[in-house]
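The values are calculated or read from the model by the stated rules, or taken from the named source; none is laboratory data. What you see is a predicted model; the values in this text were computed from it and never measured. Here the Cβ positions follow ideal geometry from the backbone for every residue, glycine too, while neighbour counts run over all protein chains shown. We work out accessible area using only protein heavy atoms, side chains counted, and drop any ligands, DNA or RNA first. Shrake-Rupley method; radii C 1.70, N 1.55, O 1.52, S 1.80 Å.
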Amino acid sequence: GVHRQILFTTVGWFVGYYLVKRTEYFHAKVDRELFEYIRHHPEDFKAAEKKRIGQLLEDFHPVR
């Protein structure tokens, strides 16, 4: 009946809420570890030189 639907909806909401919080915690933990590694090893992550769009694209040669 209706009471089962309300029960399953409530249980599903709490399980979903827990899983979302757990995945957010996991991703935050991974991000923190990666940023800490980058902070301690700046020589591995040098900023690349900026290129203009013309340097990235190939020259255009029309096919006839």
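Data overview
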{"quantity": "Residue pairs meeting the criteria (Cβ under 6 Å; at least 6 apart or on separate chains; first in a helix (DSSP H, G or I), in segment 37-64; second among the aromatic types (Phe, Trp, Tyr))", "calculated": "Ile38/Phe45"}
{"quantity": "Odd one out for Tyr25 among (1) modelled with pLDDT under 95; (2) of a type outside the set (A, V, I, L, M, F, W, C); (3) open to solvent by 100 Å² or more (accessible area, probe 1.4 Å)", "calculated": "(1)"}
